[in-house]
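A short write-up of the structure that comes next.
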Amino acid sequence: MKVMIIVNNGLEECEALITYDLLYRAGIDVDLVGFSNEIVSSHDLSFKAQRLLDDIDPDDYDCLILPGGMPGTKNLENDERVQKLIDRFVKENKLVAAICAAPSILIHKGLLRSGHFICFPGFEGDLVPASDVKAIKDGIFITGKGLGAAFEFAYLIIKELVNEEKAEEVLAKIQY
């Protein structure tokens with residue numbers, strides 16, 4: 001299993017990095033794939049991407065993860081490369097995960113259904129999000145409500161890509 005987390009300027013860094021950390025602990029090969037080498041988050045925190053978006057082969061990956069944050073989500077949505085990646089992963093029935101504001105990208109593409117997703121309040125558009133959940137899986141989509149849901153979000157990704165036992169093990173080892 002190989003996963004890419006798209007990182008770009010303006011993202012919510014903890015949504016990307018907590019997810020990265022938990023997937024890594026599960027033994028999943030995960031790359032922070034950036035628009036550029038250096039990423040500056042919405043909180044003015046700088047870190048480096050491991051790979052560049054223009055240099056990756058999408059066929060190498062089994063899952064695409066979109067972190068939220070502003071203006072990071074708008075930067076993701078306005079990038080043609082990201083739009084093509086989403087389309088490709090959907091066409092190939094590969095897992096697509098988005099957290100916080102990022103599910104709005106999938107909503108705008110008509111990919112999510114009322115009651116079968118969650119996002120940060122205010123980004124649901126005309127759809128009705130699931131209630132009383134922090135993260136949810138529906139078909140090939142996993143969505144999370146926001147930073148506070150990063151652990152549940154990563155849990156669902158690990159459960160899908162590896163198994164529930166490994167997801168439980170990872171959360172237990174970090175004292176969640």
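Values in this text are rule-based calculations from the coordinates and carry no lab data. These numbers were taken from a predicted model, which means no experiment stands behind them. Cβ sites come from the backbone with ideal geometry, for glycine too, and all protein chains shown count toward neighbours.
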Residues that are free of Cβ contacts under 8 Å to residues at least 40 places away in the same chain and closer than 20 Å to GLN83 by Cβ, drawn from the range 9-50: ASP31, LEU32, VAL33, GLY34, SER36, ILE39
Residue match in the range 17-37 (condition: assigned to a strand (DSSP E or B) and acidic (Asp, Glu)): yes
So, of the residues in the range 1-18 that are closer than 19 Å to PRO58 by Cβ and within 15 Å of the chain's Cα centre (by Cα), which turns out to be surrounded by the fewest Cβ atoms within 10 Å (Cβ to Cβ)? LYS2
The lone exception for VAL133 - which of (1) of a type in the set (A, V, I, L, M); (2) crowded, with 24+ Cβ neighbours inside 10 Å; (3) over 26 Å from VAL40 (Cβ atoms) it fails: (2)
Checking the structure you have, find out if any residue of the range 141-153 is without any contact (Cβ under 8 Å) to a residue 24 or more places away in the chain and on the phi > 0 side of the Ramachandran plot. no
Sort out for me the helices (runs of 4 or more DSSP H) sitting completely within the range 70-121 that have 1 or more residues that are out of contact with any Lys or Arg (no Cβ under 7 Å at 6 or more places or on another chain) and surrounded by 24 or more Cβ atoms within 10 Å (Cβ to Cβ). 72-77, 103-108
